[in-house]
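Since the structure comes first, as structure tokens, the remarks are kept for the end.
No lab work stands behind these numbers, since they all come straight from the coordinates. For clarity, every value in this text was computed on a predicted model and none was experimentally measured. Cβ placement follows ideal geometry from the backbone for every residue including glycine, while neighbour counts extend to all protein chains displayed.
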Amino acid sequence: MRKLTRGRKDQTQYRYVRLDKEEKHMPPDNWLIRGFREASKEEFYANLQPLEGKLEILLEGQFRLDRTPLQARQSAAVLFTRETFQDFPDLYLAVNHEFNTAKKITTANPQQKQYYWGDIELVSWQSFDGQELTGLLVKPENFDPSKKYPMIVNFYERSSDELHTHRAPAPGRSTINYSYYSSNGYLILTPMWCTKSAIPEKVPIMR
């Protein structure tokens, strides 16, 4: 038995990506891996050679990557999406698994340019009981830290892992829509845990 990754130590999640939806078993030589770094929220695609224990990063950055990319039947071309809070998950084409030079082939949401959208970032603080916590802070477009803004506090467990999820304005029954409220001039703070000690005394970016 050989350990191929050190996910717990590195605080990194590794998931095998099945490109061939009809495969009955994992190939012995090369695996496409999707990774998620828990601290920075970066995601990546990597090539893992299980027999040699080698991991090669193919694409990495502050974005969310497709969980189910598609490979062509007769070539090594892969179709996948990449998104951020601001960027719609358009389609990208990677030839021969060269994800770092993948070409964007769609512009599926051009009307977004007509609207204020906002920005999002990770914030961290220490709770009253000494626990290090993280959360999301959504800011309106053209945010001015010298001004005061109305703020919504939205408690939702572990939502900081969705830092780079693109959120189109839409009604919802269990949570609020970040892009809708930020485009209307609101700050939105989403703490990690729904406990009294998790609420920061003040948001670090606000004055």
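Rounded to the nearest Hz, the phi-derived 3J(HN,Hα) couplings of region 160-175 under the Karplus curve 6.51 cos²θ - 1.76 cosθ + 1.60 (θ = phi - 60°) are 5, 5, 9, 3, 9, 6, 7, 10, 6, x, 6, x, x, 9, 10, 7, where x marks glycine and proline. Treating r as the C-beta distance of ARG173 and ARG8 and R0 as 35 Å, the FRET efficiency rounds to 0.50.
The GluC sites (Glu not before Pro) of region 1-82 that DSSP puts in a loop, and whose beta carbon has at most 13 other beta carbons within 10 Å, are GLU22, GLU23, GLU52.
Taking a ≥ b ≥ c as the square roots of the eigenvalues of the Cα gyration tensor of region 1-94, is the shape rounded (a/c under 1.5), prolate (a/b larger than b/c) or oblate? Oblate is the answer for region 1-94, as a/c is 1.5 or above yet b/c matches or exceeds a/b.
Using only the Cα atoms of region 124-179, build the gyration tensor, take square roots of its eigenvalues as a ≥ b ≥ c, and label the shape rounded, prolate or oblate: rounded if a/c is under 1.5, else prolate if a/b is larger than b/c, else oblate. Because a/c hits 1.5 or more and a/b fails to exceed b/c, region 124-179 counts as oblate.
Restricting attention to the chain, close to 95% of DSSP beta bridges with both partner residues there are antiparallel. Restricting region 76-149 to GluC sites (Glu not before Pro) that sit in a DSSP loop and have at most 14 other Cβ atoms within 10 Å of their own Cβ leaves GLU98, GLU141. Prolate is the label for region 75-118, because a/c, from the alpha-carbon gyration tensor with a ≥ b ≥ c as root eigenvalues, is 1.5 or above and a/b exceeds b/c. Exposure proxy shown here: for THR101, THR190, THR106, THR81, the number of other Cβ atoms within 10 Å sets the order, fewest to most, as THR101, THR106, THR81, THR190.
Between the entries (1) 12.6; (2) 14.8; (3) 14.0, the label attached to mean projected area of the Cα convex hull in nm² calculated for this structure is (2).
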